[in-house]
1. Starting from residues that are of a type outside the set (S, T, N, Q) and assigned to a loop (DSSP other than H, G, I, E, B), keep the ones in segment 220-235 and report whichever is surrounded by the most Cβ atoms within 10 Å (Cβ to Cβ).
2. Could you list, ordered by first residue, the pairs with Cβ atoms under 6 Å in which the first is in segment 288-303 and touching a residue at least 60 places away in the same chain (Cβ under 8 Å) and the second is among the charged types (D, E, K, R) and near the ligand (Cβ under 6 Å from one of its atoms), at least 6 apart or interchain?
3. So, of the residues in segment 309-336 that are in contact with a Leu (Cβ under 8 Å, 6 or more places away or on another chain) and free of Cβ contacts under 8 Å to residues at least 60 places away in the same chain, which turns out to be farthest from the ligand (Cβ to nearest atom)?
4. Tell me which of these residue 375 doesn't satisfy, since it passes every other one: (1) in contact with a strand residue (DSSP E or B) (Cβ under 6 Å, 6 or more places away or on another chain); (2) assigned to a helix (DSSP H, G or I).
5. Identify all residues within segment 275-308 that are under 30 Å from residue 56 (Cβ atoms) and either near the ligand (Cβ under 10 Å from one of its atoms) or out of contact with any Asp or Glu (no Cβ under 8 Å at 6 or more places or on another chain) (or both); write none if there are none.
6. Which one of these is within 23 Å of residue 311 (Cβ to Cβ), at pLDDT 95 or above and in contact with a Ser or Thr (Cβ under 7 Å, 6 or more places away or on another chain): 236, 215?
7. Whether any residue in segment 407-421 is under 26 Å from residue 254 (Cα atoms) and not in a helix (DSSP H, G or I) is what I want to check.
8. Could you give every pair whose Cβ atoms fall below 6 Å, whose first residue belongs to segment 12-23 and is under 23 Å from residue 47 (Cβ atoms), and whose second residue is assigned to a loop (DSSP other than H, G, I, E, B) and acidic (Asp, Glu), counting only separations of at least 6 or pairs across chains?
Amino acid sequence: MAESITITDNRTGDSIEIPIVNGGVSAAEWTKLLPGLWFFDAGLVSTAMCESAITYLDGEAGILRYRGYPIEQLAEKSSYLEVAYLLIHGELPTTEQYESWKHEITYHTFIHENVRKRFLEGFHYDAHPMGMLVSAVAALSTFYLDAKDIFNPESRYKQIIRLIAKMPTLAGAAHRFSVGMPFVYPDNSLDFTANFLSMMWKVAEPRFEANPVLAKALDVLFILHADHEQNCSTTAMRVVGSSHADPYSACAAASAALYGPRHGGANEAVIRMLTEIGSIENVPAFIESVKAGHGRLQGFGHRVYKSYDPRAKIIKRTADEVFEVTGKNPLLDIALKLEDIALSDEYFVSRRLYPNVDFYSGLIYQAMGFPMEMFPVLFAIPRTSGWLAHWQELLDQDSKIVRPRQLYVGAEPRDYVAMAAR
Ligand code: ACO
């Protein structure tokens, strides 16, 4: 076999030839020769946990496709709701399918009054909106008891619609509460993104009219963030989903994973870094300090992309359109200078560190008026469709419960010592 590896067990001299399929070898094959032997792979860097037909990512070539469609084409020609349909169904919708999908999502945007009154309003006045979102998504499972019926296609689909539809409402509610503003009910005459902006910013006007350029820019950002194959939060979704928990509980776990600064919080770290640098003149010294090991260049580098993140290219263009409306974010010049120097510096070039999706997204969000605490929330809204596509796929695959092995490095057996004798 040309595309194969041979494993030899030197203890017995036995060997086995295993085909390389899609760039990997199957554990089911090598365990035939080495039963009971396992691989140590902290962070699952070299382990494919599942098969997936949703997103294709080639980090070497900088390629990202949802269901086969290049991200560049989707960002230019599609809308977030259409992309959400594509992720969930595997195909782009016909006009009729799209109208029905849009109608369903639009008419499920309302949340139960008790989610708001008894639950969201019970938070402390300075609660972080992402903490509120994580908890509110988990709380939804107590409102939809049919969600436990995960192998009933009708019930499953209903929860998918509810989650995609209610995420912006919960996000808007979390923001309004955290700044002491009254809750804004969804306006079903608006499209998905404009409706979210209304729930964020509406004050006394009868109908909030979002600036179409800003609404479109946010929609593009939603498309870019909708899925990214087996990232930390999607893996959390699959891990919890594999225990057959309801989708709200699994989505809450995924949102919690997204809350961490290494994942959904990186664009906030970029803004803090740019603010700290303060001016273009300080950029070279900052780069030198990073190279000397004092911190990282936030928004640079990626576990999978070893070339320019294709999403960062699109976001850079979107930023120009947004700044035409909002005025330029004063931190942009510092970001451009940082990118310029880093891309020609041996340290970054040799490690293949390029701007990732977070390098420019925070600048856009900030220019649009979103507080930094909302950045991970803005990520969670569109990623919900990706999480649910993976959850559905996992259930259809009838996959095993996720239960990895560990490398035990603890104490040898020892006898219990009474407290008085310790
Ligand atoms: N700035 C400076 N040096 C870096 C950076 C960076 N941003 N990222 C990696 N390096 C260096 C490391 O110091 C290491 O150098 P060494 O070989 O001399 O020790 C080398 O590059 C490899 O780094 P690792 O940490 O092994 O790379 P890994 O793939 O584990 O990390 C990560 C990827 C976490 C994204 C990293 O690049 C990073 O911390 N970036 C900054 C934070 C960030 O932007 N996160 C957003 C990721 S995208 C997302 O979640 C949506």
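The values are calculated or read from the model by the stated rules, or taken from the named source; none is laboratory data. Because the structure is a prediction, the values reported are computed rather than measured. Using ideal geometry, Cβ is built from the backbone for each residue, glycine included, and neighbour counts are taken over all protein chains shown.
1. Ranking the candidates gives 227 first.
2. 299/358
3. Result: 323.
4. Residue 375 satisfies all of (1) in contact with a strand residue (DSSP E or B) (Cβ under 6 Å, 6 or more places away or on another chain); (2) assigned to a helix (DSSP H, G or I) except (1).
5. 296, 297, 298, 299, 300, 301, 302, 303, 304, 305, 306, 308, listed by residue number.
6. Numbers: 236 fails: in contact with a Ser or Thr (Cβ under 7 Å, 6 or more places away or on another chain).
Of 236, 215, the one residue that is within 23 Å of residue 311 (Cβ to Cβ), at pLDDT 95 or above and in contact with a Ser or Thr (Cβ under 7 Å, 6 or more places away or on another chain) is 215.
7. yes
8. Between residues of segment 12-23 that are under 23 Å from residue 47 (Cβ atoms) and residues that are assigned to a loop (DSSP other than H, G, I, E, B) and acidic (Asp, Glu), the close pairs are 20/3.
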